[in-house]
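Heads up: the structure comes next, in structure tokens.
The values are calculated or read from the model by the stated rules, or taken from the named source; none is laboratory data. Model, not experiment: these values are computed from the prediction. Methodologically, a virtual Cβ is constructed for each residue, glycine included, from the backbone with ideal geometry; neighbour enumeration extends over all protein chains shown.
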Amino acid sequence: MNITIGILFSNYGPYHIARIEELANCNQKLQNQVIAIELARSQDEYPWQVKIDKLHFSLISVIQEQALEKTSILKLLQKLNFILKQVNPSVIAIAGYFEPAMLFTLAWCLWHRKPAILLSETTENDAPRSWWREALKSIIVNKYKSALVGGKPHKRYLCKLGMPIKATFIGYDVVGNDAFHPKRIKSLPRPLTKSYFLAVNRFIPKKNLSFLISSYAIYRQIMGDDAWDLVICGEGQMRLNIEQQILEVDLKKHIHLPGFLQQHEMLPYFAHAGCFIHASIQEQWGLVVNEAMAAGLPVLVSNRCGCYEDLIIEGVNGFGFDPENLQQLTQLMLKISSTDIDLQKIGEAALEHIQKFSPEYFAQGLMEAVEYALAVHEKGKK
């Protein structure tokens, strides 16, 4: 039976496209059709610039003329309803379950008797929880036929909300690893002449950048002129606060803020960094960690990140740390930048481990979720 698989995201960035390209390749052999739907072609929160003229799958933008944040919800839902009717997919994978447009799509599926698949990267500890919200989420989650999640903690949480274990598949949080491979990017020009730690974040509170700068300042005091520099790529509401903190610790010459960079602009920084740091207090996954590992970098990752349990093998491909313990992160920086550790070996282990978390892994997991959802749906009709 040939089927049409709809996949709804808010906005398609580089890693979404890498996932769907692989999914489309798999389904061409099965003669299934993959149709990607995005709520808007642009989004202020993630200002990606992605070429979509040479994709190997159909991509439909509900809103093309303005950013998602500037679009009225009524206009969005009206256009979304029209496109869903036009596409009429056999099954729809929906990214998230709390945004109005995603809930509308779930309701559309229920009304038109189409199985819905939940794409989720939520863990139990990535936000404060209240009993009534959890009860409401359980009701919503049980309307989906299956789910594709990021990793182990995401599966545990979704099953706690009521999704059957056998209906929950893994492989959601992947990037296009090949784009970051050391063999592809090592020849790019060095952005800095000195060795450096690298961080890539939106400049918002949960990314914990003030903590990172404070820990780095202590590290710098200990190491003096032998210290590595720190590069923090990104942009956001806390930019002025971060710049002020850097001035206060007198490290403007050693902490670099190149701003928000498109993927191709980021590659030189990944190519020549000594180590990647992700210090978030709350993080559903942390795809920049995937990117860093795909570039062959050792990683220091907050143990509150959703990716920590699945991606980090302590002492082998990187290290975890408590994102409220300055001394712990400082000691890890000292360890990484010393001559007592084989960075090349750790980087190679990171590169090897991340190969499992590939677009193929996503495609396999989603197709398992699709097959399960369709089987349960057909069984329910009898």
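Details
- Among the residues making up the stretch 329-364, those that are crowded, with 22+ Cβ neighbours inside 10 Å and either under 20 Å from the mean Cα position of the chain (by Cα) or not in a helix (DSSP H, G or I) (or both) are Ala350, Ile354, Phe357, Pro359, Phe362, Ala363.
Residues checked against (1) over 23 Å from Lys356 (Cα atoms); (2) assigned by TED's automatic domain parsing to the domain that holds Trp285; (3) free of Cβ contacts under 8 Å to residues at least 60 places away in the same chain; (4) part of a strand (DSSP E or B):
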residue	(1), (2), (3), (4)
Pro153	no, no, no, no
Arg156	no, no, yes, no
Phe169	no, no, no, yes
Leu188	yes, yes, no, no
Thr193	yes, yes, yes, no
Phe197	yes, yes, no, yes
Gln221	yes, yes, yes, no
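- Residue within the stretch 355-362 that is of a type outside the set (D, E, K, R), over 25 Å from Glu283 (Cβ atoms) and modelled with pLDDT of 95 or more present: no
- Ile37 vs. criteria surrounded by 16 or more Cβ atoms within 10 Å (Cβ to Cβ), of a type in the set (Val, Ile, Thr), outside the structural domain of Glu265 (by TED's automatic domain parsing) and closer than 19 Å to Leu366 by Cα: yes
- Residue in the stretch 124-132 that is touching a Phe, Trp or Tyr at 6+ places or on another chain (Cβ under 9 Å) and either part of a helix (DSSP H, G or I) or among the hydroxyl-bearing types (Ser, Thr, Tyr) (or both) present: no
- Filtered residues of the stretch 181-222 (kept if under 19 Å from Cys305 (Cα atoms), aliphatic (A, V, I, L, M) and out of contact with any strand residue (DSSP E or B) (no Cβ under 7 Å at 6 or more places or on another chain)): Ile204
- Only strands (runs of 3 or more DSSP E) whose full extent lies in the stretch 1-63 are considered here, and the ones with at least 1 residues that are touching a Lys or Arg at 6+ places or on another chain (Cβ under 8 Å) are 58-63.
- Yes/no for Glu324 being in contact (Cβ under 8 Å) with a residue 60 or more places away in the chain, outside any helix (DSSP H, G or I) and surrounded by fewer than 22 Cβ atoms within 10 Å (Cβ to Cβ): yes
- Considering the conditions (1) over 21 Å from the mean Cα position of the chain (by Cα); (2) within 26 Å of Phe203 (Cβ to Cβ); (3) of a type in the set (S, T, N, Q), Ser42 is excluded by exactly one of them, (1).
- Set side by side, the residues Ile117, Ile140 differ, and just one is among the β-branched types (Val, Ile, Thr) and closer than 22 Å to Ala363 by Cβ, which is Ile117.
- For Ala369, the conditions (1) touching a Phe, Trp or Tyr at 6+ places or on another chain (Cβ under 8 Å); (2) within 30 Å of Asn27 (Cβ to Cβ); (3) without any contact (Cβ under 8 Å) to a residue 40 or more places away in the chain all hold with the exception of (3).
- Glu124 being closer than 26 Å to Thr4 by Cα, at pLDDT below 95, within 20 Å of the chain's Cα centre (by Cα) and among the acidic types (Asp, Glu): no
- Yes/no for Pro182 being surrounded by 13 or more Cβ atoms within 10 Å (Cβ to Cβ) and without any contact (Cβ under 8 Å) to a residue 60 or more places away in the chain: no
- Hits in the stretch 118-148 (condition: farther than 20 Å from Ile94 by Cβ and of a type outside the set (A, V, I, L, M)): Glu124, Asn125, Pro128, Arg129, Ser130, Trp131, Trp132
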